[in-house]
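Since every read-out is calculated from the coordinates, none of them should be taken as a lab result. Quantities reported herein were computed from a predicted structural model and do not represent experimental measurements. Every residue, glycine among them, receives a Cβ derived from its backbone with ideal geometry; neighbour counts consider all protein chains shown.
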Amino acid sequence: METERLLIDAIRESDREDYFRCISHDIKVLETFICRYAENLEDFDIRPYVHREDILAIRLRETGRLIGILCCFDVRENESCEIGYGIGSDYWNRGYATEAVNKYIDYLFREKNMKTVYASFFPENASSKRVMEKCGMKYSFTREKELTYLGRERDLVYYRIFRDELT
């Protein structure tokens, strides 16, 4: 998949350093995106993420470097799924997440024939809420104390978009 500024494709072993830097070792990302923290590059194993269909790299088109990831999970009978996204904090507030999520939602509706796409965020993550709203998603529900993450119980706010709402 391509957008004006981004490429969205499979994660490769050659993405190890960028994935580590932008996702697994970025403390700011860890606070907003559920992922396993990696202390150092030497111990980081990218192999579990390589060439999976449910986790994709978000790359800068001009350099091809990984700056974030998109994931799709909780697929239900090819009718609905939940997506997640994380962008390295060095790339925040530039519209990359909105651009990537818009393209991914379009792909899931048009190519994978999904009828509904969900996403969730921690209530204090106003930036992720804005990304979802810019992509046409609307509030669906809130689950209080849905999970324990970073040592505390966390609520998750869910947004959704139906295929027939795609503009």
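Here are a few things to note about the model shown:
- Candidate lysines - alpha carbon under 26 Å from LYS103, same-chain residues fewer than 8 apart omitted: LYS28, LYS112, LYS115, LYS129, LYS134, LYS138
- Once both labels are positioned 7 Å from their Cα atoms along Cα-to-Cβ, the gap between TYR139 and CYS35 label points is 2.9 nm.
- Expressed as a fraction of 2.2 N^0.38 Å, the C-alpha radius of gyration for the chain is 0.99.
- Dipole in debye (nearest 20) - the chain, about Cα centre, beta carbon charges: Lys, Arg +1; Asp, Glu -1: 420 debye
- Measuring gaps between exposed loop sites in the chain (GluC sites (Glu not before Pro); DSSP loop; at most 10 other Cβ atoms within 10 Å), the longest gap, sites not included, is 112-167.
- Rg to Rh quotient for region 6-65, alpha carbon positions, Kirkwood Rh: 0.95
- Spin-label pair THR148/PHE162, simplified geometry with 7 Å Cα→Cβ offset, distance in nm: 3.8 nm
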